[in-house]
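K.L.:
Just dropping this structure here.
The values are calculated or read from the model by the stated rules, or taken from the named source; none is laboratory data. On a predicted model such as this, the values are computed, not experimentally measured, just so you know. Positions of Cβ are backbone-derived with ideal geometry, glycine not excepted, and every protein chain shown enters the neighbour counts. Keep in mind that these areas ignore ligands, DNA and RNA; they rest on the heavy atoms of the full protein, side chains included. Shrake-Rupley method; radii C 1.70, N 1.55, O 1.52, S 1.80 Å.
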Amino acid sequence: MAAVLMGLIAFIILPAILIYSLIKPSKLNIRTQKNPNGKWTRGKFFLGWVVVWFISIGIGVSLTPEQEATDLEQIATDAGLSPDEYEMQDNGALKIKAPEEPDASDDVATDQVDDKQNAEVEDVAQTADKTFGITPAEFSRRFSTEAEEVGLGNVAYGDFETTKGTVNDSFSVTLSEAIAMSGSVDKNGELKGLTFIMGKTQNGDTEGLNMAMMAGLSARAISPDLPKEESAGTVMKVLAEALEGFQANGEGESSKVVDDVKYTAFASKTVGMWIVLEPA
């Protein structure tokens, strides 16, 4: 019960306070141009917020019992994959095998470009081929586990209805009246990226918190071995920086790369608020 309480504080209450401080800083006695007599500078307030957040995470982790490992092979079976269609990697991830292509096509490509061009093409291909190393089904299961861990109960995305594309497949989920999530999936069935979008709404405080919470839990599901303050915490950090830029200039963007995952947040009066998770 104590671990659940710490999870609620770290991932619901504290993020709500942070977002509220960016929208109505004067209510929290933060010093701004409109409130020059505020007690706290933004820097001191954010530093204090980070300290409290790390403490709550530390306490929550210390009180959380160890959970059983996820059965990836069972997930692969549930997704309709036969044993010869996937393999277990050394890092514990499940990788769907790509269909083999004739070597002749490689020879043709090599004959058409010089050494420098070939290296550039290879770099682009490697970047384009990066995925999170999990299927959408595995991501959904991991998300459900993370949601239960922070005390949200049995929350899951469920099965995604994927739309076929020329290069990549995609899916889209409506999370609320103001929030949508879209995902990109490569032709091997592995998740390549997630984008959370919040449009214009009269309930910006609540919807912004909901999107931050869903994106944070999704980041934890993508990188379960990464400390929570480095996955969900990075989501909150780039979002806070983007919102701060939005308040100052009417538009804000922030990106950070942690452990081969790129976290990006964007806020604008035109397109609303976005959070993007993609392989780095």
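K.L.:
How do the peptides 184-197, 229-242 rank, highest first, by the average count of neighbouring beta carbon atoms within 10 Å per residue? Each step should come with its number before you reach the end.
P.N.:
Working: 184-197: 20.4, 229-242: 23.4.
For the peptides 184-197, 229-242, the packing ranking is 229-242, 184-197.
K.L.:
If amide H atoms are built 1.01 Å from N in the plane of the peptide, which residues on other chains or at least 5 residues away come under 5 Å of the amide H of G193?
P.N.:
S184
K.L.:
In nm, give the distance between the simple-model label positions of N249 and V167, each being 7 Å from the Cα along the Cα-to-Cβ direction.
P.N.:
2.7 nm
K.L.:
Separate question: Give the ranking of R42, R142 by solvent-accessible surface, highest area first, calculated with a 1.4 Å probe.
P.N.:
Numbers: R42 65, R142 40 Å².
Greatest to least solvent exposure: R42, R142.
K.L.:
What lysines sit close enough to K44 to cross-link, taking a C-alpha to C-alpha distance under 21 Å and skipping anything fewer than 8 places away on the same chain?
P.N.:
Hits, sequence-local ones excluded: K24, K27, K34, K237.
K.L.:
State whether the stretch 224-280 is rounded, prolate or oblate according to the following rule on the C-alpha gyration tensor (a ≥ b ≥ c being the square roots of its eigenvalues): a/c under 1.5 gives rounded; otherwise a/b larger than b/c gives prolate, and the remaining case gives oblate.
P.N.:
Details: a/c = 2.94, a/b = 2.14, b/c = 1.38.
Prolate shape, in that a/c is at least 1.5 and a/b is the bigger ratio.
K.L.:
Still on this model: Quick one: if the Förster radius is 30 Å, what FRET efficiency do N37 and I13 give, using the C-beta to C-beta distance and rounding to 0.05? Show your work: numbers first, answer last.
P.N.:
Details: r = 27 Å, r/R0 = 0.90.
The value I calculate is 0.65.
K.L.:
Which residues does the label zone of S268 cover in the stretch 220-244, counting backbone N under 18 Å from a point 7 Å along Cα→Cβ?
P.N.:
Hits in the stretch 220-244 for S268 at 18 Å: 239-244.
K.L.:
Compare F139, F160 by solvent-accessible area with a 1.4 Å probe and give them largest first, with all protein chains kept in place. Can you show the working numbers first?
P.N.:
Values: F139 0, F160 35 Å².
Ranked from most to least accessible, the order is F160, F139.
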